[in-house]
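All remarks here apply to the structure that follows.
The values are calculated or read from the model by the stated rules, or taken from the named source; none is laboratory data. Please read these numbers as outputs of a predicted model, since none were measured by experiment. Ideal geometry is used to build each Cβ from the backbone, glycine not excepted, and the neighbour counts take in all protein chains shown.
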């Protein structure tokens, strides 16, 4: 109700009055009827003395006249009566008039807040908000982006800790300083109450509860002024505290959109992705000097752009610094889902450039069935109120929750509750990905997020879930108590030095000035003190202002401070505790040393870069200049000029270092372009050093990434295997002996046509048809209506095998009800040592005769699934849709004398049917050893140009599927400029660190994989990708 908002402050005031007259105020009831509100304060002590006040909302109730505004009944029992002028709104009431009439025999409650006839007047507002300052952007800054974030330090109201009073803010931004300076207290109150909206303001907002705001787009190259008003719940005008008026200027001259750029990955060629993938793309360069670029990531869930309305997933304000390690999204995507993505580059003037080419596509992982592990909290606190002197912005710590599903990630949610006796209320909650340290501890700091109350008990807990919302919980929640009330401010303290030194020019060096002071004593247990240092001129102009200092000694050379020669300065220090209470030092004066005379510093010598193939954001370096006048600061101004167009790229950038890294100032030069650079040197008095001769360099050529699709060997269908048998499923290269192979449904053969036999009388349906769900050709095997089992089997010669693989792709069609329905569709591999059985039901896959496992909530009927068993010795790994089943490897605890693969319906009843795309088995042989080493030579790849980044310049080969540690794989390359290998090609060369390609530059390249097999294990490589680029220009 709008009227409730407009009179909330009046309610707070009247409630404080009622509390002073009764032992307990239970409630007030507000009811809006026909344009007015009736408010009754109900008192347990005397229900008949309930205060009813009618506050008009723009219309006079037809039955309200004079004394009828009170509570019906004898006026002697009506303890308090609210009398209101029916033609006057409450918010406009004359503060000099009494707002409450009472019977002369009863206690008078005066509504005038300025008249203190009551000993307990307005106990709700015993203090005013504290002074505060604006912090960001820095006052006077001239390079502010068009959508700046404004930030100010909090104003503290001591009533907040004890009476619940809170501070809110009003923010005003304008292009005229005079408008802000001319604001009256009455106008500020009207703005706070929402009764005045300054139409001259560029931005205006009131009732802000935090201390930051991001502005909508501003105009370019424009001066702005801003001020913040702080106010508490009280209605007095003097409770509005006004900040200083700061100013800033927005960027100008950004007239060109960012340059074009390319996407890197992920793509379909990179395989299934984590549910929170990491995205990579090449940087876009700002086309205008001084401009910067940020990015927006766009993900389409329906495979194209633009996507369906309301489905686009976006991540905004991604900084350029994120490109080095990639940008990882925070919200999990869906499993087994295809997505497309692109990136938009945005400069400070909001001009946009979309990534080049078509959006890239990828598919997420299929397995997300297992919940993350439960975990323990670390601190602060304990299950029974452990810590009792915790700060107001503590860091919460807990042990990492682990998720066994490949590619799955865990998200945590922090919950914080304020405890008051037997009741508690949640005061803060936020989700976080929470990167763990090497010891498995996740940390989450409340600093900058939420500030606790003093001397208060809190309970906190953490929940976790994976990308599929499978939950995990912390084993318990923790309690702690914050430090006691900051009732005592830090003690005042004294400065040590510098002081009153060098009145005639024999003062302190301006570039090596140490300030020190005695500590300020804090008397509140557990509270901490920080310091703020000020240096001003004698006229009061601030030249140095640094806060958050924890020690009692600083050197201003560690900060961006600049003092003048032969000048008198005044300095003092302020101490501040965690509640904002302050202590103060005395003031001291000091002089800086006498100015240098006319002696100039020596010229520096430029040292680099020089020559060709220089990176596009080089580090410019030079030797130090020497000045005969001791104590002077040398300043260098750096210039970089396009040697072909004379365009100035860096125009006198100032530094006191002997280097300038262009990457730190956001400058990226053009490819394959000549530049000249030089520095101009001056001392603190402006005396110049002799000019230096410019140095010239040429930037590197652009290296265009070769499409990954041309470089991927996905199934090893071409190439030469030496002493090596190739396995084409699932696209892997596996070193083995005596491989055997069987059955692919799409070839149109039945299992019974290829050495398979019936363990029982042949019954049911056996046919090659199109599966109605997957639309793949499949072997349809059905026993429905037969009330008997039907099993096909064959001898795979698994006996004493060192290793073997059984792989199949299938779907359960239908399974009737019955006591043995869990045996409806089975796959048994038996090898003479191990006995195991896969039982497949509608929503579960599980093992009956081995170390048991069970994958639950897994729909086996809605789609085809890939299953695989890889056996090594007496242990085996189980894969479903290429995801390793939790608990692998398993060890069989039973044995069987037979050597069979069995497939079909095991139960007499119920009956089932299934659709089988393929069933393959691979036997690694019995006592025949591996031929080691074995070699695979790939086909020849065309890199499209001999001008590339081979020869150790950045090209690499990435392997996937390698079994690390037990089966070494050596990668070698050779290169040439003819499409067929001949005598002009280079010799084979092993890759360097990080699989770096060290072979000479050449247009063509061939890869060799050398596999060795220690301890009888079978090496395996699923894929390799050559990552290279060619130079242009």
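Within the stretch 635-655, the residues that satisfy the criterion of being assigned to a strand (DSSP E or B), surrounded by 15 or more Cβ atoms within 10 Å (Cβ to Cβ) and more than 37 Å from the chain's Cα centre (by Cα) are 635, 636, 637, 639, 641, 642. Scanning the stretch 451-494 for residues that are modelled with pLDDT of 85 or more and under 30 Å from residue 332 (Cα atoms) gives 459, 460, 461, 462, 463, 464, 471, 477, 478.
Check every one of the strands (runs of 3 or more DSSP E) wholly within the stretch 835-916 and list those with 1 or more residues that are on the phi > 0 side of the Ramachandran plot and touching a strand residue (DSSP E or B) at 6+ places or on another chain (Cβ under 9 Å). Steps first, please.
Working: elements: 838-840, 844-847, 854-856, 865-872, 875-880, 899-905.
It comes to 899-905.
Per the listing 757, 761, 732, 810, the residue uniquely at pLDDT 65 or above and under 46 Å from the mean Cα position of the chain (by Cα) is 810. For the criterion of being closer than 27 Å to residue 272 by Cβ, assigned to a strand (DSSP E or B) and at pLDDT below 85, residue 388 fails.
For the stretch 280-367, please list each of the strands (runs of 3 or more DSSP E) lying entirely inside it that holds at least 1 residues being in contact with a strand residue (DSSP E or B) (Cβ under 9 Å, 6 or more places away or on another chain) and more than 30 Å from residue 650 (Cα to Cα). Don't jump to the end; show me each part of the working.
Numbers: elements: 293-300, 313-319, 338-347, 352-354, 360-363.
In the stretch 280-367, 293-300, 313-319, 338-347, 360-363 are the strands (runs of 3 or more DSSP E) which contain 1 or more residues that are in contact with a strand residue (DSSP E or B) (Cβ under 9 Å, 6 or more places away or on another chain) and more than 30 Å from residue 650 (Cα to Cα).
Which one of these is at pLDDT below 90, exposed (fewer than 15 other Cβ atoms within 10 Å of the Cβ) and over 20 Å from residue 132 (Cβ atoms): 185, 255? Talk me through it step by step, then tell me what you get.
Details: 185 fails: over 20 Å from residue 132 (Cβ atoms).
Just a single option satisfies the conditions, and that option is 255.
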